[in-house]
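One structure is given below, encoded as C-alpha cells.
Nothing in this text is a laboratory measurement; each read-out follows from the coordinates by a stated rule. From a predicted model like this one, the values you see are computed outputs, not experimental measurements. Don't worry about glycine lacking a Cβ; one is built from the backbone with ideal geometry, like all the others, and counts go over all protein chains shown.
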Amino acid sequence: MFTLAHLSDPHIGPLPPVRLEELLSKRILGFLSWSLRRRRLYITPVLEALAKDMAQAAPDHIAVTGDIINISLPGEFEHATRWLSTLGEPDKVSVVPGNHDAYVAQDWRATIGRWAPYMTTADLRNGASHEQPLAGENEFPFVRLRGDVALVGVSTAVPTPPGFAGGTVGERQLGALRDKLTALGRKGLCRVVLIHHPPFGDPRHRRKELTDYPAFCRCIESAGAELVLHGHTHKSGLTKILTPGGHVPVIGVPAAAARGHGGKDYSRYHRYRFARDGEGWRIEVEVRGVTPKLDRFSTEATFTLAVP
Ligand SMILES: [Fe+2]
C-alpha cells in the first residue's frame, strides 16, 4: 500500500529583511498584508507541529501543492529551499508552485527552479524510469512514478496584476497533461494530479480563480485521473469532476500554518493510502487537524473513496 501525505500553502514566515527597491511592485501590497494581518494568522509553531506529526507516520511520499512562500523575495526562496529539505529527500517530496511563489515575474532558475529536484519528471515516450528535473516552466506537467501511483504535477503559477491571485494552466500544458494522463491510464496506474488552484469557479472571488478551470475539467474528463489534490482556498474541500466512467474526487486542504480565522480553516493535512481494488482503486483518507492549543495534530475524520 502506497501512502501519501498532502499539505498545502505553508506560507513560511517570517519575511526576510526587505530592501525598498524589492517592494516597488505588487510586492508592496503583499508586504503590507503580511505585516498587518497574515503574519499573525500563519504561524511557524503550527507548521512545525504539522511536520512533526507527518514525519511520525513516515509516509512513502509527501505532496506540497504550492504557496510555500508569500511575496517571492529572494530570501524567501532560500528559506523555502531549506524547509523543503527538512521534509525529506527530493525523490520523496513533490512540489507544485502556487500564485504566491510567482508573485512577480522573475527568472525561473533563481526562483521556483530552485525546487526542481522536487519536480523531476519521467520521460514516458522512452519508457525510461530515470527522472530529470524540469528545466523550466514550459516543461510542466511533471510525472513521478512511485509504485502503482503516478504523481502528475501541474503548474498554475503565473504572475498576476495587483489585487489578483488567479492562476492559469495554459493550452500548451493542457495538451501535455492530456497526453500524459492518457499514457498513464493505459499503464493502469493510479493517477494523482497535484495542482495549486482548485478546478472550479468562485463567483465571489473571480480574481482568485483558475482562469481556465473548465478546460482543465474537460481534460480530466476525457483523459481520466483517479484523484486531484489542491490548495489555494485555505479551506478543506471535497468536490468532484464528472467523467464518462463516474467521477474523479477533488480534495483540498487548508493552509498548513493556519491557526484558523474568519472564514478560513485551521491547519489540516491529509494522509492517503492507495490500494488496488478489482478494476479500480480504494483510497483511504485520514484528515489530521491541529488541536485547539495549536501544538499537535489529531485525527478528525477518516473516509474511503472507491475509484473505478
Ligand atoms: Fe495560499
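What the table below lists for this structure:
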{"item": "Cα-based helix-to-principal-axis angle, 44-56 vs the chain, degrees rounded to 10", "result": "30 degrees"}
{"item": "Length released on extending from I28 to T302, taking residue separation times 0.36 nm less the Cα-Cα span", "result": "94.5 nm"}
{"item": "Region 1-99: C-alpha gyration tensor shape, a/c 1.5 cut-off, then a/b vs b/c", "result": "prolate"}
{"item": "Rounded to the nearest 20 debye, dipole of region 164-289 from Cβ charges on Lys, Arg, Asp, Glu", "result": "300 debye"}
{"item": "Beta bridge orientation in the chain: antiparallel %, DSSP, nearest 5", "result": "70 percent"}
{"item": "Loop-resident sites, region 10-74, for chymotrypsin sites (Phe, Trp or Tyr not before Pro), counting at most 11 other Cβ within 10 Å (DSSP)", "result": "none"}
{"item": "Nearby aspartates and glutamates by direct alpha-carbon distance to K293 (threshold 16 angstrom, same-chain neighbours under 8 apart not counted)", "result": "E48, D53, D265"}
{"item": "Length-normalised contact order of region 89-153 in % [C-alpha pairs under 8 Å, at least 6 apart]", "result": "27 percent"}
{"item": "Label-to-label distance, nm, for residues given as H205 and A57 (7 Å Cα→Cβ offset)", "result": "2.5 nm"}
{"item": "Dimensionless Rg/Rh of the chain - Kirkwood Rh, Rg from C-alpha atoms", "result": "0.94"}
{"item": "Where labels lie 7 Å past Cα in the beta-carbon direction, separation of K240 and M1 in nm", "result": "2.3 nm"}
